[in-house]
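Worksheet: the structure to be examined is printed underneath.
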Amino acid sequence: MSKALDGVRILDFTHVQSGPTCTQLLAWLGADCIKVERPGVGDITRGQLRDVPNADSLYFTMLNHNKRSITLDAKNPKGKEVLEALVKSCDVLVENFGPGVLDRMGLTWEHIQQLNPRMIYASVKGFGPGPYEDCKVYENVAQCTGGAASTTGFRDGPPVVTGAQIGDSGTGLHLALGIVAALYQRNATGRGQRVLAAMQDGVLNLCRVKLRDQQRLAHGPLKEYSQYGEGVAFGKATPRAGNDSGGGQPGWILKCKGWENDPDAYIYFITQAPVWAEICKVIGQEDWITHPDYATPDARLPRLKGIFARIEQWTTTKTKFEAMDILNKFDIPCGPILSMKEILEEKSLRETGTIVEVDHPKRGKYFSVGLPIKLSDSPAEVKRSPLLGEHNDEILRDVLKFDAKKVEEIKASGALGGSKSMAAE
Ligand code: COA
């Protein structure tokens with residue numbers, strides 16, 4: 001079956017997480033993704049957080065499926081020649097180096113346009129133009145500067161970063177959208193363009209509702225925040241809201257049966273207004289259906305703490321899955337807190353390809369997250385990540401159409417590193 005991005009070739013000059021997330025998505029959508037890596041070491045994540053000796057780490061393998069790998073010393077003259085040949089034969093160059101790195105390699109935007117006017121040049125950077133544009137940035141820096149950390153955690157505690165990699169993977173996702181849009185526009189203009197996704201901007205985009213609340217503060221307290229019900233005054237900025245729901249329907253995380261011994265025996269419970277009567281019936285508090293202190297959403301707002309404490313008396317009598325089954329029958333929105341172990345064991349996620357098992361020649365079988373977007377005409381097939389330099393020969397020969405003499409010349413120059421075997425073994 002054909003793939004959505006068949007015929008698109010990506011020069012993948014990415015490393016660590018943000019850029020590789022983007023190119024992996026494009027590869028799953030059918031693009032031919034050629035990852036350029038530094039000879040000998042490759043993407044630094046190949047060796048980071050290793051769990052199996054001498055095998056690429058899960059950090060690397062889970063972010064680089066469906067790609068080909070070529071090792072190339074971009075500072076060696078022959079390496080530069082290969083790099084420029086790749087620029088000419090690819091549609092998109094994706095990179096997430098520190099600011100100025102590609103310019104220092106001689107690959108300025110102007111030069112890229114001369115080599116290939118159709119080239120889309122896409123970058124992840126920590127910040128957009130401005131005072132911090134020269135800074136190097138990692139995930140948690142972006143979470144802090146994009147507004148996520150100041151609005152995450154509990155009111156009486158310090159800012160907290162979230163486990164979801166919204167700075168890296170989130171920005172990679174934004175960049176992928178920019179690239180697909182630029183490819184679409186190129187159909188009409190024939191021209192490439194620059195695409196920039198700054199991590200601060202990406203995180204802020206995902207924290208949009210918190211910027212909404214910042215502006216609402218000027219017009220009074222944020223009544224859906226539990227601090228309102230607790231009588232705690234608001235400060236000048238959007239506060240941390242613990243497990244409050246970010247929307248108009250109050251929610252909280254409640255203990256379930258077994259919570260004393262299981263750190264994940266909890267459920268997220270939303271007191272959705274249209275099913276208030278059902279909630280009251282389920283927990284055995286029918287008098288709240290008509291009681292003036294509880295009957296309307298506005299009346300409930302200052303009493304949320306007590307309401308959730310009462311609901312928790314009920315949830316602690318059920319396991320999180322029992323509670324989910326019962327509540328869903330009444331359309332009461334809720335979600336059990338699933339551990340990574342439970343997610344890995346969830347049959348339905350395997351069936352949809354959201355969790356996939358992949359075989360790797362060095363590390364054996366492992367699990368990964370597949371493409372979370374399902375296209376009916378472009379199903380994703382998850383293939384293992386490449387070994388370092390595994391496709392050196394095939395890229396020089398089949399993609400760049402270099403003859404045997406030229407290939408030998410490039411190898412002899414050391415541009416690909418010591419030897420192919422060093423790379424791929
Ligand atoms: N051949 C020769 N040199 C190569 C090379 C190759 N194939 N690949 C990389 N290099 C060199 C670069 O030329 C650069 O050297 P230079 O600074 O002397 O010019 C160096 O390797 C890489 O630099 P940099 O990207 O700055 O790496 P770093 O490890 O110092 O910083 C980050 C890592 C992630 C902080 C930085 O890349 C960054 O801020 N990226 C943008 C934001 C981002 O994506 N952050 C999240 C990452 S998940």
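The values are calculated or read from the model by the stated rules, or taken from the named source; none is laboratory data. Since the model is a prediction, treat every value here as computed from it, not as a measurement. Backbone-built Cβ (ideal geometry, glycine too); neighbour counts: all protein chains shown. The protein model used for the area step is the full one, side chains on, heavy atoms only, and it has no ligands, DNA or RNA in it. Shrake-Rupley method; radii C 1.70, N 1.55, O 1.52, S 1.80 Å.
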Carbon and sulfur %, accessible surface of the range 1-129 computed with the full protein complex present, 1.4 Å: 53
Hey, what's the Cα Rg ratio for the range 149-229 versus the globular rule of thumb, 2.2 N^0.38 Å? 1.53
Filter on 223/320; 67/405; 80/125; 255/341; 365/411 - keep pairs with C-alpha separation over 30 Å: 365/411
Taking 0.36 nm per intervening residue step and subtracting the Cα-Cα distance, what contour gain separates residue 156 from residue 84 on full extension? 20.5 nm
For the chain, modelled as a GNM with alpha-carbon contacts under 10 angstrom, which of 74, 233, 31 fluctuates the most? 233
Relative contact order (%) - the chain, alpha-carbon pairs under 8 angstrom, separation at least six: 19
For labels at residue 188 and residue 394 in the simple 7 Å Cα→Cβ model, what's the distance in nm? 3.7
Along the three principal axes, how long is the chain when you take its alpha carbons, biggest first, rounded to the nearest angstrom? 87, 46, 40
For residue 140 and residue 406, extending 7 Å from Cα along the Cα-Cβ vector and measuring point to point gives, in nm, a value of 4.8
Could you list which residues have their amide H under 5 Å from that of residue 196, counting only those 5 or more apart in sequence or on another chain, with H placed in the peptide plane? 123
When the helices in the chain are scored as -39500 (n - 2.57) per DSSP H run of 4 or longer and the sum is shared across all residues, what 222 nm value do you end up with, to the nearest 500 deg cm²/dmol? -9500 deg cm²/dmol
Identify which of 362, 255, 125 has the largest mean-square fluctuation in a Gaussian network model of the chain, with springs joining Cα atoms closer than 10 Å. 362
Using Cα-Cα distances under 8 Å and only pairs 6 or more residues apart, what relative contact order does the range 178-259 have, in percent? 18
Stick to the Cα atoms of the range 1-131, pair each with every other, and give me the Kirkwood hydrodynamic radius in Å at one decimal. 15.3
Just to confirm the filter: which GluC sites (Glu not before Pro) across the range 258-333 are DSSP coil and have at most 16 other Cβ within 10 angstrom of their Cβ? 260
Hits among aspartates and glutamates - C-alpha to C-alpha of residue 88 under 15 Å, sequence gap 8 or more where chains match: 12, 32, 110, 398
Taking Cα pairs closer than 8 Å and at least 6 residues apart, the relative contact order of the range 242-332 in percent is 33
Percent accessible area from carbon and sulfur atoms, the range 242-332, protein chains only, probe 1.4 Å: 53
For the range 242-332, what's the radius of gyration and Dmax over Cα atoms, in angstrom? 12.6, 38
Length gained when the stretch residue 278-residue 338 is fully extended (0.36 nm per residue, less Cα-Cα span): 19.1 nm
In nanometres, the difference between 0.36 nm per residue of separation and the alpha-carbon distance of residue 115 and residue 373 is 89.5 nm
Averaged per residue, what accessible area in Å² does the chain show with a 1.4 Å probe, protein chains only? 49
May I ask you to list the aspartates and glutamates whose Cα is less than 16 Å away from that of residue 136, ignoring any residue fewer than eight positions away on the same chain? 95, 103, 168, 201
Take the chain, connect every pair of alpha-carbon atoms lying under 10 Å apart with a spring to form a Gaussian network, then pick out the residue of 232, 92, 124 with the largest mean-square fluctuation. 232
